[in-house]
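Data first, discussion second: the structure below is written as structure tokens.
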Amino acid sequence: MHALRKYFKDVNPALWDNTVVVTLSEFGRTSKENGNRGTDHAEAGVMFVAGGKVKGGVYQCGNSTWTVGPAGSMFQVNQRYLRRSVDYRSVLGEIILDHLGATPAQLATIIPGYADAREGLLTGGVTLDGIRIVGELGIL
């Protein structure tokens, strides 16, 4: 990201302000090994967002302070993996609306159900699958 930022700032500093880069995995991994000394697909993963207008910060899963250990808050699901607290659709939806300039109606065709209060993607809440999430983060 540093090299990308440097390139844009050297070529035309305004370009970096018009750039948003998102990296994410389509699935998480358990933080503890399984019986075969590997890891399994899991609920939470990592996502990086960078750009000139991105408000920096670290948004972490669950509690602001984690208790590490088999029964600690860090391992919230089956004592093996992290539970998501930010839905990737909230992050992407915010970028599509605030950076790309889509209307809520356009976003509804890109991410169906985005404004559905039962999903909590805008303001947070308990999702249809029973997970409490925070909603849009205000990253832009």
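The values are calculated or read from the model by the stated rules, or taken from the named source; none is laboratory data. Predicted model, so just to flag it, every value in this text is computed and none were measured. Heads up, the Cβs are rebuilt from the backbone with ideal geometry, glycines too, and the neighbour counts pull from every protein chain shown.
Of note:
- Residue in segment 75-88 that is in a loop (DSSP other than H, G, I, E, B), of a type in the set (V, I, T), surrounded by fewer than 17 Cβ atoms within 10 Å (Cβ to Cβ) and at pLDDT 75 or above present: no
- Test for I131: is it within 18 Å of E26 (Cβ to Cβ), modelled with pLDDT of 90 or more and within 17 Å of the chain's Cα centre (by Cα): no
- So V21, is it part of a loop (DSSP other than H, G, I, E, B) and either more than 23 Å from L137 (Cα to Cα) or touching a residue at least 24 places away in the same chain (Cβ under 8 Å) (or both): no
- Here F48 does not fit the description of being among the aromatic types (F, W, Y), modelled with pLDDT of 80 or more and surrounded by 14 or more Cβ atoms within 10 Å (Cβ to Cβ).
- Reported count of residues in segment 24-54, each being part of a loop (DSSP other than H, G, I, E, B) and hydrophobic (A, V, I, L, M, F, W, C), is 4.
- Members of segment 112-136 found to be under 14 Å from R84 (Cα atoms) and surrounded by 13 or more Cβ atoms within 10 Å (Cβ to Cβ), listed by number: E119, G120, L121, G124, G125, T127, I131, R132, I133, V134, G135, E136
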